[in-house]
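K.L.:
If you scroll down you'll find the structure; I have some questions about it.
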Amino acid sequence: MSVCTIISVEDSDTDFLALRHALQAAGVNNPIERCENGKAAAGCLLSEQGSLAERASLIMLDLNLPGIDGRELLRRVRARDPERTVPIVVLSTSSHPKDIEICYRAGADAYMVKPLELDDWETKVGQLALCWLKPANIGNGAAAAAVTKTARSSLNRIIEGEIIPRLLLAHCLEGEGRSAEPLSQAEFVAGEEEVAQLTRLLLTQDISVVTAYVEALRVQGATLGSLHLSLFAPAAQLVGDWWRSDRCDFTEVSLALSRLQRLMRQIAPAEGSTTH
């Protein structure tokens, strides 16, 4: 299996053909390997021989699979690949908020409801897959520059309207059974400089550096609620703004959002801890 291989975990022949057509239409000529059920996918993705990144450049995952469920498969893959070296894009017929939340909590990089029309497969799924592929992992070198202004605009709507809000929703206070009330005047509120600094770190630094910066703010009195509302959400938005203005490429955006998701998972437990 080539390092540039795209693995499609899909039991529907029709949907797999639509996906393959969408990728080709987007200029992605990478080899595509199909796993028709969860058991076959587990054997492929969870193999002890070599790292996941050595076997795949992108995973396109259906949820409702025979054998091992797609949600469980996602959790197992991320347990083996905690550094998120291979992007996982969930393609499902389900638009239920609970399914979306479960997948983002389990480590999905993107969640998209399967389109009904073939044209939408081309413009949405194909272009989204192209952008999650790192340039070095695109089979056709010319495809690395294939994102047109129209496609960029469409992708921007997906990032702002779906990926970032759902990522934040999966880790918000309401998800922990707590109320996301407006901040009181006494609480820490991040300023523009703190938001910009976090954005720079998310785009360029290891997660340990990002976490150390946020923990330093918590020492100053920032609660988890104030960080979510005044720092994390604005930083996620700023990542998208910088991508639109060409200050970073999509690979850097995907890595930044992955780091932000890991950051929110790491600091959340500390909020509920008590000292005796």
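The values are calculated or read from the model by the stated rules, or taken from the named source; none is laboratory data. What you are looking at is a predicted structure, and each value in this text was computed from that prediction instead of being measured. Quick reminder, even Gly has a Cβ in these numbers, built from the backbone with ideal geometry, and neighbours come from all protein chains shown. For the accessible areas, the whole protein counts, side chains as well, though only heavy atoms, and no ligand, DNA or RNA atoms are used. Shrake-Rupley method; radii C 1.70, N 1.55, O 1.52, S 1.80 Å.
K.L.:
Going by average Cβ density within 10 Å per residue, which order do the peptides 260-266, 192-198, 106-112, 57-63 take, highest to lowest?
P.N.:
Sorting 260-266, 192-198, 106-112, 57-63 by mean packing, highest first, produces 57-63, 106-112, 260-266, 192-198.
K.L.:
What is the Å³ per residue value for the convex hull set by the Cα atoms of region 1-136?
P.N.:
95 Å³
K.L.:
How do H228, H96 rank by accessible surface area computed with a 1.4 Å probe, from largest to smallest?
P.N.:
Working: H228 20, H96 110 Å².
So the residues, ranked largest to smallest area, are H96, H228.
K.L.:
Suppose each label sits 7 Å from its Cα in the direction of the beta carbon; what would the E33-K98 distance come out to in nanometres?
P.N.:
Label-label distance for E33 and K98, simple model: 3.4 nm.
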